[in-house]
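Okay, structure first, notes after.
The values are calculated or read from the model by the stated rules, or taken from the named source; none is laboratory data. Owing to the predicted nature of the structure, the values given are computational and were not obtained by experimental measurement. Using ideal geometry, Cβ is built from the backbone for each residue, glycine included, and neighbour counts are taken over all protein chains shown. Note: areas computed on protein heavy atoms with side chains; ligands, DNA, RNA excluded. Shrake-Rupley method; radii C 1.70, N 1.55, O 1.52, S 1.80 Å.
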Amino acid sequence: MITRASTNAIIGVLLLSITTRINGMSDNLFDEEEELPTLFPFRTEDYVGFSVAILGLILAAGGGIGGGGILVPTYILLLDFPVKHAIPLASTTVFGGAIANNLLNVRESHP
């Protein structure tokens, strides 16, 4: 059974993948000499990094925190992103989780 926390985590990581792919196509967002890891094809490190990110976001959503403290080290250490790119990607992932959480809770009534 998929819980709300796991749905938020999956949507957040998917938003990360889309953002990484879009940013990779835009040349003016990065320095010319900086080499970023490619998204496709997935490496073993990518599967491990995304799995850790999803698990971390599930725990963070269950605890009521955003999860940026878990995501930034994951993106830097496991997915080989530079610090200046890992921080905005973590913010984007947390933002995607927040949007998913709001969409899932909009039908709930206030007690």
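Protein-only accessible surface at a 1.4 angstrom probe places the residues Thr3, Thr92, Thr74 in the order Thr3, Thr92, Thr74, largest first. Backbone geometry of the range 48-54 corresponds, through the Karplus equation with coefficients 6.51, -1.76 and 1.60 at θ = phi - 60°, to 3J(HN,Hα) couplings of 5, x, 5, 5, 5, 5, 5 Hz, x marking Gly and Pro. Annotation for the range 33-88: chymotrypsin sites (Phe, Trp or Tyr not before Pro) lying in DSSP loop with at most 13 further Cβ atoms inside 10 Å of their Cβ are Phe42.
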